[in-house]
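Remarks on the structure that follows.
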Amino acid sequence: MKARGLAFAGDFRDFTSAFPRTNCRCLGSDDSDTIDRPATRGEGETTIVHGIVLIIALLPAMLSAQTGQRQNVWGPLAYFVGTWEGTAESRSGRGTAERECRFILDGSFLQMESTHVYDLSAQLPEGQTHEGLELFSYDRARKILVMRQFHGEGFVNQYVLDSLSADSTTIVFLSECLENAPPGWRAKEQYEILDDDEFIEIFKLAPPGGGFEVYWETHLKRKDQ
């Protein structure tokens, strides 16, 4: 499939100044809030001690259950663990791609680091290097995989797993929100697994009210270990 272009950085950068910054307040941060504290030591303290003892007793079982859950929730995403290299193609030109994927923070998250280096072309007289970082997590409340994608140009996209083929070889993430992008835009990441050591990543964008178009395509093969 021929990519239709990498207009992400050029098209979106001018929009970043149009969005005002807002301050966030944490629940319960109001200075008027008060916390009731026991005035004397007694039954309340004894209950707290018993609770701590119970937590310590149950902790090994809780940790074991969490470890098992982490191993189960990743499903086909565990396939991507390792180092990869290949080619990248966009409207601006062609280039090379490298990627490293690993579990971090005791297996709580899956991290992907990518670098695309585009060759010199009429559109890119000085070439271009695009760096990206993806962090995958499992939202236990919604029971769904979430991906947060950070672009070197300052854009942050948050996705959720949208579809998974019956044979687990086509994985699609659909954006929930785009940070530093104009309102109404949507993004889609599609992974097509070809075999044990080769896959294609397709990044798509859709303007407000429009359909998705391919912005770049990356073809990666697993590097020899």
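Bear in mind these aren't lab numbers, they're just calculated from the coordinates by the rules spelled out. Keep in mind that what you see is a predicted model, and the values were worked out from it rather than measured. Neighbour counts run over all protein chains shown; Cβ positions are idealised from the backbone, glycine included.
Some points to look at:
- Our estimate of slack between Thr87 and Arg148, defined as 0.36 nm per intervening residue step minus the Cα-Cα distance, is 19.7 nm.
- This ranking places Leu220, Leu194, Leu161 by how few other beta-carbon atoms lie within 10 Å of each, fewest first, which gives Leu194, Leu161, Leu220.
- The residues Lys188, Lys143, when put in order of fewest to most other Cβ atoms within 10 Å, stand as Lys143, Lys188.
- Sequence-ordered 3J(HN,Hα) estimates for segment 128-136 from the Karplus curve with 6.51, -1.76 and 1.60 and θ = phi - 60° stand at 7, 10, 10, 10, x, 9, 10, 10, 9 Hz, glycine and proline given as x.
- Segment 91-171: translational diffusion in µm²/s, Stokes-Einstein, Kirkwood Rh over Cα pairs, 10 °C, 1.306 mPa s: 108
- Exposure proxy order (Cβ contacts within 10 Å, fewest to most) of His116, His151: His151, His116
- Globularity index of segment 123-209, i.e. its alpha-carbon radius of gyration over 2.2 N^0.38 Å: 1.21
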